[in-house]
Amino acid sequence: MSTDVEDFIQQNRALADQVEKFRGYCETEKQWQARREFILRNVNDFQIEDVDQLLSLSMVWANNVFMGCRYNTQLLDKVKEMAEGIEVVDAPVFKTRDEIMKKQQGR
Amino acid sequence: MGVPAFFRWLSRKYSSIIVHCVEEKGKECNGVRIPVDTTKPNPNEVEFDNLYLDMNGIIHPCTHPEDKPAPKNEDEMMVAIFEYIDRLFNIVRPRRVLYMAIDGVAPRAKMNQQRSRRFRASKEGVELVEEKNRMREEVIQRGGYLPPEEIKERFDSNCITPGTEFMDNLAQCLRYYVADRLSNDPGWRNVVVFLSDASVPGEGEHKIMDYIRRQRAQPNHDPNTHHCLCGADADLIMLGLATHEPNFTIIREEFKPNKPRPCALCGQIGHEIKDCQGVAREKQGQHDEFADSMPASEQEFIFIRLCVLREYLARELTMASLPFPFDFERSVDDWVFMCFFVGNDFLPHLPSLEIREGAIDRLVNIYKDVVHKTGGYLTENGYVNLERVEMIMQAVGVAEDNIFKKRKEDDESFKRRMKEKRKRAKQAERGPAYMTTGQFAPQALGRRDRPEAVQNARHQAFDMRMQSREQHNKDAAQSLKATMRNGGNSSAGPSDSSDSRGVKRKAEDSDSEPEPEDNVRLWEDGWKQRYYKTKFDVDVTDEDFRRKVVRSYVEGLCWVLRYYYQGCVSWKWYFPFHYAPFASDFKDIKGLFTEFEKGTKPFKPLEQLMGVFPAASGNFLPETWRSLMMSPDSSIIDFYPDDFAIDLNGKKYAWQGVALLPFVDERRLRAALADVYPDLTPEEVRRNSLGSDLLFLGKSHPLFDFIHELYRAESLEGTEIPAELCHGIQGTLNLDDDPILPDKAVTSPIPMLRDISQNSAIGVKYKDPHYAEDFVFKAVLLSGAKMPNKVLKPGDWERGNREPWRPQLGFNPNRQQAHLDQSGFRALGHNLNRNQHGRGQYSNAPPPGNYQQGYRPQHGGGHQPFQHSRQNSLLGAPPPFQQPQYPRPIVARCHLRQQQQQQYGGGGGGHGWDRASQSQQSAYQQNAVRGQGGAGSSSYQQRYDQRRDGWHERRDDHRDDRRDNRGQHHQSYSSSRSYPPPPPSRRYTWK
């Protein structure tokens, strides 16, 4: 985790606590830290009533990185832009269903 | 439970639980179908009281069948469903209750599985259409023929989910169907019909279980009700055991692996879509009369008798010298619980427990080992004792390492065997290295054209020699050329044709299946670490996370068991991971679970649709709801990925792998839907509301007047069913808003079916008996329950030194033995003979299916045989009169018998022996045959003699020539008690 995120959390304790509630039960520490950074980086661009949309986008990004989900390119580009600067070490690699099917068909 | 292997394992290990269904088929007379009278006794020699239908197991095969062309439209689907139910009703013939349960909204715990199925189904559907179009193009370009594309919409099987219009229509259609049968089918006259459609929450089979549980907990329940539950899921077996009802039978379609499926493109059988050639269809039968019949016959049904399974389990689980009294019923519950470890719909199975590797046997052994120390059973009434479960888990954990290693070994040796098998198959295909030719060429045995005597043998041998030398030279030249072309770097060994083959074989071998890559390598040290890293993306040192997974799994085990024994305890709970922990991780689990959240509510149907559908199935939802699945601004867009990863998890095909789909955040889903709820039309609001079970019955049912009176009195509050009017069935009745009432016509929702003008059925809302929230349903046998007769052979049978054990094949222990008639004997003798002497020259006679041809009336006496023999030979049997040319004194008798069998077994020979006996000097042959026959068939023979006369009577009209000889005939046969009617041969007279 980059230091500026830590600084940000130090300075915005209340907000950070708020965000902590959004952690999913099954999220690992590694995934949550990345997603929390995503949320914190973009939280100022969203109205408080639109926070679900931010959460949704954070999940789109996390699902893509940590679970291998694909969404339409427009959406993916958007979240990648929002996630710029977040470092994920050792992200897992996946094969999506389409890729597997294509490979099996090729045979 | 999503474990197909479970049923296979069970039916192999406990084979006597299966009984094949006897199904009486409807007859047809002058094109009019005569329905079967189901008021008659059940031909299965058992009477069932209640039939429960898990309707989703019926809806799926009827709407998108795998083994026949799909129905063209929704109406045809409905009719197919009606026919399927009719068929089941005819087989089972319930006398009291027919309960139809369609899956309603499922508990959250099931949602992950539903999601993964529907996301996959949607993709598979699209892929099939794409492939179809591609192949169609290709075939047509090649000039192939394909039937014109039907103008039918692809049926999206995802619409079989509560809340869709399709399910709503289905409910309507079933109401019509029930009213029709109650009014018109005498077999339904006294049956109470329950219909629990998709608007009632709960999975179908669990709604049925709820019904049974709540009936048997009330005092009026008949403890000897015979239940019959229809459905193919293996978990029905668990559910049935969990009821502790002594008479519980499951009926399902017989599973036949590798059934041929029609090609999706041209509808023909015998190839898959990717091999479709677009060749015109071949005529089926001489005049295409078999065009519509599948080569494999209609799917048949089997019964699974749970009382027999209980007998087996009693043998396996009974333990002597326990520190506490042994209670079989409790041990059954523990067995059910342990089966959950191996797989269920709600939890991924433990990595070390594979059903195919005998996981259940292993668990049972561990259980019997450990139970001495646990001081009691693992479960009670569906509540789990975690302390004791931990001991089981730890015992499994100890073995885990070895299980994984052994799995790898087995896997490797299996692959090796398969490889060798392929190699052998290829070799066999290639044939021998040298083959004689010309007159010496090998000839198939039993062909019509028999080999001539060899002429000029030496010249022939010379020819063959020359030929092979020439071939040798050619091969040598070829291999030389090949060597030169390849730059001469291969050592041109002995010129031998296997050279070229060798190259080819290598190429074929290399295209064998590529290994799915496996980073976990459970068989190597450090497996646990790798597993957690790859599957959960955490370090093995992350105790907290591992603990979380274990806690969820423990909760899951408690939830599932409770679900089976008490009903859905929490609609909200679910297992929030894609993988299970290891058995060895279950440490100190006692405190991990206390109680579930109370008062949870199921989703509404449309909400659940949002939870399980991919965006591609959004057409089943209102427009603004659909846009939540697609718009980038949606606050739940993350639930709907276009494509998702599949972890093959050591398996080969995508459909076997784990679909890594994100979990639904219930809070966010509800929040997003709150905004679009106002957009629902009144019709959609209705579809989204919770419905009620319905009860129907016909005019002659004792409860009919009571219900009719309720409608007349317009009583508004719920009324209890008087137990004495309905076999002790209890529940609360409420008036239906749009009821089915007698003498009120029921309009048909299906254009091709008529309205019911003379309706005599009545329908009313029904509610299961109510119990306090903390009521615990007892998992025990009820007092007054009579155990059914034992079926299995007692272990001490031999010691009793009684008569030989006769296994029971059906439901009735005193079943009347079936007897073969004459033609049956011929068939049997023919086939048995064939098996014993399979190598014989005469073993390729036509199969018994051809008998009918023999019934062509044939007149005349002694000359007839010639014509007859020609028939024989046309059908592939050799003309027997050549036989005497090769005298074989030693084998004569055996040979003779074969030949006799042949004659009456072969196509035209249906009456050969019969006729021949007139003119036969049969003494020698009969003696010969008698000498051969075994002893066993004497009783059949006697019966045969008694019946024989009647048999002839019927045929005498066009068989005058036979009548004269009946006396002689009879005599000669009854004298040979040891073998079925012997067939005197005609060969001596035929010269």
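The values are calculated or read from the model by the stated rules, or taken from the named source; none is laboratory data. Just so we're clear, the structure is a prediction, and the values are computed from it rather than from any experiment. Here the Cβ is made from the backbone with ideal geometry for all residues, glycine too, and neighbour counts use every protein chain on show.
Scanning the stretch A:44-72 for residues that are more than 7 Å from chain B (Cβ to nearest Cβ) and not β-branched (Val, Ile, Thr) yields A:Asn44, A:Asp45, A:Phe46, A:Gln47, A:Glu49, A:Asp50, A:Leu54, A:Leu57, A:Ser58, A:Trp61, A:Ala62, A:Asn64.
Total residues in the stretch B:636-654 satisfying the condition of being over 24 Å from A:Glu49 (Cβ atoms) and more than 7 Å from chain A (Cβ to nearest Cβ): the figure is 7. Filter the stretch A:1-55 for residues that are in contact with a Ser or Thr (Cβ under 6 Å, 6 or more places away or on another chain) and either modelled with pLDDT under 90 or β-branched (Val, Ile, Thr) (or both) and give the result. Passing the criteria: only A:Ile39.
Which members of the stretch A:89-103 meet the condition of being more than 7 Å from every other protein chain (Cβ to nearest Cβ) and in a helix (DSSP H, G or I)?
The initial filter retains those residues of the stretch A:89-103 that are more than 7 Å from every other protein chain (Cβ to nearest Cβ), namely A:89-91, A:93, A:99, A:102-103.
Listed by number, the residues that qualify are A:Glu99, A:Lys102, A:Lys103.
For A:Phe66, the criteria (1) in contact (Cβ under 8 Å) with a residue 12 or more places away in the chain; (2) aromatic (Phe, Trp, Tyr); (3) more than 17 Å from B:Ala645 (Cα to Cα) hold in every case but one, which is (3). Do we find that B:Tyr84 is closer than 24 Å to B:Lys256 by Cα and without any contact (Cβ under 8 Å) to a residue 60 or more places away in the chain in this structure? Spelling it out, B:Tyr84 is indeed closer than 24 Å to B:Lys256 by Cα and without any contact (Cβ under 8 Å) to a residue 60 or more places away in the chain.
The residue of the stretch B:548-562 that is surrounded by the fewest Cβ atoms within 10 Å (Cβ to Cβ), among those that are of a type in the set (D, E, K, R) and within 22 Å of A:Gly24 (Cβ to Cβ), is B:Arg551. On the stretch given as the stretch B:655-685, residues that are touching a residue at least 60 places away in the same chain (Cβ under 8 Å) and either within 9 Å of chain A (Cβ to nearest Cβ) or not basic (Lys, Arg) (or both) total 12. Do we find a residue being within 12 Å of the chain's Cα centre (by Cα) and under 20 Å from B:Ile637 (Cα atoms) anywhere in the stretch A:82-100? Taking every residue of the stretch A:82-100 in turn, at least one turns out to be within 12 Å of the chain's Cα centre (by Cα) and under 20 Å from B:Ile637 (Cα atoms). If you check B:Asp333, B:Asp369 for being surrounded by 22 or more Cβ atoms within 10 Å (Cβ to Cβ), among the acidic types (Asp, Glu) and either within 29 Å of B:Lys572 (Cβ to Cβ) or in contact (Cβ under 8 Å) with a residue 12 or more places away in the chain (or both), only one passes: B:Asp333. Condition first: touching a helix residue (DSSP H, G or I) at 6+ places or on another chain (Cβ under 7 Å) and within 13 Å of chain A (Cβ to nearest Cβ). Can you find one or more residues in the stretch B:581-593 that meet it? Taking every residue of the stretch B:581-593 in turn, at least one turns out to be touching a helix residue (DSSP H, G or I) at 6+ places or on another chain (Cβ under 7 Å) and within 13 Å of chain A (Cβ to nearest Cβ).
Condition check ((1) among the polar types (S, T, N, Q); (2) assigned to a strand (DSSP E or B); (3) closer than 23 Å to B:Asp222 by Cα; (4) in contact with a Phe, Trp or Tyr (Cβ under 8 Å, 6 or more places away or on another chain)) across all residues:
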| site | (1), (2), (3), (4) |
| --- | --- |
| B:Ser16 | yes, no, no, yes |
| B:Glu23 | no, no, no, yes |
| B:Glu28 | no, yes, no, no |
| B:Thr39 | yes, no, yes, no |
| B:Gly57 | no, no, no, no |
| B:Asp67 | no, no, no, no |
| B:Lys72 | no, no, no, no |
| B:Glu76 | no, no, no, no |
| B:Tyr84 | no, no, no, no |
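Tell me yes or no: at least one residue of the stretch A:2-9 is within 14 Å of another protein chain (Cβ to nearest Cβ) and of a type in the set (Phe, Trp, Tyr). First the steps, then the outcome.
At the first step, the residues of the stretch A:2-9 found to be within 14 Å of another protein chain (Cβ to nearest Cβ) are none.
No: zero hits.
Going by what's in this entry, would A:Phe38 be described as within 14 Å of another protein chain (Cβ to nearest Cβ), crowded, with 16+ Cβ neighbours inside 10 Å and more than 16 Å from the chain's Cα centre (by Cα)? Write out each step before concluding.
Values: within 14 Å of another protein chain (Cβ to nearest Cβ): yes; crowded, with 16+ Cβ neighbours inside 10 Å: yes; more than 16 Å from the chain's Cα centre (by Cα): no.
No, not satisfied.
If you scan the stretch B:603-617, which residues turn out to be within 14 Å of chain A (Cβ to nearest Cβ) and touching a helix residue (DSSP H, G or I) at 6+ places or on another chain (Cβ under 6 Å)?
First, pick out the residues of the stretch B:603-617 that are within 14 Å of chain A (Cβ to nearest Cβ): B:610, B:614-616.
Hits for the stretch B:603-617 are B:Pro614, B:Ala615, B:Ala616.
Beta carbons closer than 9 Å, at least 6 apart along the sequence or on distinct chains, pair a first residue in the stretch B:436-454 that is over 23 Å from B:Met466 (Cβ atoms) and of a type outside the set (Asp, Glu) with a second that is surrounded by fewer than 12 Cβ atoms within 10 Å (Cβ to Cβ) and modelled with pLDDT of 70 or more for B:Arg450/B:Gln443.
Just to verify a result, which residue in the stretch B:583-615, among those that are hydrophobic (A, V, I, L, M, F, W, C) and under 15 Å from B:Gln114 (Cα atoms), is surrounded by the fewest Cβ atoms within 10 Å (Cβ to Cβ)? Give the derivation first.
Of the stretch B:583-615, the ones hydrophobic (A, V, I, L, M, F, W, C) are B:583, B:586, B:589, B:592-593, B:596, B:603, B:606, B:609-610, B:612-613, B:615.
Going one step further and asking which of them are under 15 Å from B:Gln114 (Cα atoms), we end up with B:603, B:606, B:609-610, B:612-613, B:615.
Numbers: B:Phe603: 26, B:Leu606: 25, B:Leu609: 25, B:Met610: 25, B:Val612: 26, B:Phe613: 28, B:Ala615: 21.
Residue satisfying both the conditions and the ranking: B:Ala615.
Taking the stated definitions as given, is B:Asp633 facing another protein chain (nearest Cβ under 7 Å), acidic (Asp, Glu), over 25 Å from B:Ser689 (Cβ atoms) and in contact (Cβ under 8 Å) with a residue 24 or more places away in the chain?
Values: facing another protein chain (nearest Cβ under 7 Å): yes; acidic (Asp, Glu): yes; over 25 Å from B:Ser689 (Cβ atoms): yes; in contact (Cβ under 8 Å) with a residue 24 or more places away in the chain: no.
It is false that B:Asp633 is facing another protein chain (nearest Cβ under 7 Å), acidic (Asp, Glu), over 25 Å from B:Ser689 (Cβ atoms) and in contact (Cβ under 8 Å) with a residue 24 or more places away in the chain.
A quick yes/no check of all residues on (1) among the acidic types (Asp, Glu); (2) outside any loop (DSSP other than H, G, I, E, B):
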position	(1), (2)
B:Ala580	no, no
B:Glu597	yes, no
B:Asp638	yes, yes
B:Pro641	no, no
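Looking across the stretch B:678-731, the residues that are among the small types (Gly, Ala, Ser) and over 30 Å from B:Leu606 (Cβ atoms) come down to B:Gly698, B:Ser700, B:Ala713, B:Ser715, B:Ala723, B:Gly728.
Filter the stretch B:6-30 down to the residues that are within 15 Å of B:Leu306 (Cβ to Cβ), of a type outside the set (A, V, I, L, M, F, W, C) and in contact with a helix residue (DSSP H, G or I) (Cβ under 9 Å, 6 or more places away or on another chain), then identify the one that is surrounded by the fewest Cβ atoms within 10 Å (Cβ to Cβ).
Of the stretch B:6-30, the ones within 15 Å of B:Leu306 (Cβ to Cβ) are B:6-7, B:10-11, B:13-19.
Now narrow it down to the ones that are of a type outside the set (A, V, I, L, M, F, W, C): B:11, B:13-16.
Narrowing the set further to residues that are in contact with a helix residue (DSSP H, G or I) (Cβ under 9 Å, 6 or more places away or on another chain) leaves B:11, B:13-14, B:16.
Values: B:Ser11: 18, B:Lys13: 13, B:Tyr14: 19, B:Ser16: 17.
So, considering only residues that are within 15 Å of B:Leu306 (Cβ to Cβ), of a type outside the set (A, V, I, L, M, F, W, C) and in contact with a helix residue (DSSP H, G or I) (Cβ under 9 Å, 6 or more places away or on another chain), the one surrounded by the fewest Cβ atoms within 10 Å (Cβ to Cβ) is B:Lys13.
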